[in-house]
Amino acid sequence: MLRLSKLTDYAVVVLIRLADADAGVCRASGAEPVQTSPGIAAATGVPEPTVAKVLKSLAGANLVLSLRGARGGYRLARPLAAVSVAEVIAAVDGPIALTACVDGGLGGCDVQGMCAVKGRWDLVNEAIRQALEQISLEDMRTASVPPAFRMPPLPHAAVAEPAAAV
């Protein structure tokens, strides 16, 4: 069975959470919104140490930006539409490799010298990698909403400011 790691699944959840938090913040002040690791953990239900580990991998792959200081945290490096599922997998789990003998695969194979399909998995691996490159995180974000119910995001100016307490 081909299965992604839990960390990759969590990375997608974290990235979508960062985007959702960005969308809910009015940027009239000009400051870029940031999320903290504990805040993301609380919002997603993913344990904070796991969120921190995922964010470190994502920052290393330049998918998120890490901002230090009292008002520090994390924010997306680019919009979800510009990030593919393949990039997230590579950031968290390393190169996409179905078998040990695929280019980029880790380790060797015990029967490499006698293998009748040596090098032929590259074709399958490449097809899967290309398919994953065609799916953006924005696609993942909206996939659970039937197309008939999807609405385009509101323009920035249309985001309502919270009402002041009276």
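Could you tell me which of the residues 52, 59, 81, 91 is surrounded by 20 or more Cβ atoms within 10 Å (Cβ to Cβ), modelled with pLDDT of 90 or more, in contact with a Ser or Thr (Cβ under 7 Å, 6 or more places away or on another chain) and assigned to a helix (DSSP H, G or I)?
Working: 52 fails: surrounded by 20 or more Cβ atoms within 10 Å (Cβ to Cβ); 59 fails: surrounded by 20 or more Cβ atoms within 10 Å (Cβ to Cβ); 81 fails: surrounded by 20 or more Cβ atoms within 10 Å (Cβ to Cβ).
After ruling out the rest, the residue left standing is 91.
Annotation note: Cβ proximity below 8 Å between a residue of segment 44-69 that is within 18 Å of residue 12 (Cβ to Cβ) and a residue that is in a helix (DSSP H, G or I) and acidic (Asp, Glu) (sequence gap 6+ or interchain) occurs for 61/87; 63/87. Right, residue 120: closer than 15 Å to residue 97 by Cβ, modelled with pLDDT of 75 or more and surrounded by 10 or more Cβ atoms within 10 Å (Cβ to Cβ) or not? So residue 120 passes the test.
Figure legend. Inter-residue proximity from segment 1-30: first residues under 13 Å from residue 75 (Cβ atoms) and among the basic types (Lys, Arg), second residues assigned to a helix (DSSP H, G or I) and modelled with pLDDT of 90 or more, beta-carbon distance below 8 Å, spacing 6+ or different chains. Indicated pairs: 17/40; 17/43; 17/44.
Condition check: at pLDDT below 70, surrounded by 14 or more Cβ atoms within 10 Å (Cβ to Cβ) and either more than 14 Å from the chain's Cα centre (by Cα) or of a type in the set (Gly, Ala, Ser) (or both). Does residue 73 satisfy that? Show your work before the answer.
On the way: at pLDDT below 70: no; surrounded by 14 or more Cβ atoms within 10 Å (Cβ to Cβ): yes; either more than 14 Å from the chain's Cα centre (by Cα) or of a type in the set (Gly, Ala, Ser) (or both): yes.
It is false that residue 73 is at pLDDT below 70, surrounded by 14 or more Cβ atoms within 10 Å (Cβ to Cβ) and either more than 14 Å from the chain's Cα centre (by Cα) or of a type in the set (Gly, Ala, Ser) (or both).
Of the residues making up segment 62-78, those that are touching an Asp or Glu at 6+ places or on another chain (Cβ under 7 Å) and part of a strand (DSSP E or B) are 75, 76.
The values are calculated or read from the model by the stated rules, or taken from the named source; none is laboratory data. Source: prediction; values computed, not measured. All Cβ positions, even for glycine, are placed from backbone atoms using ideal geometry, and neighbour counts span all protein chains on display.
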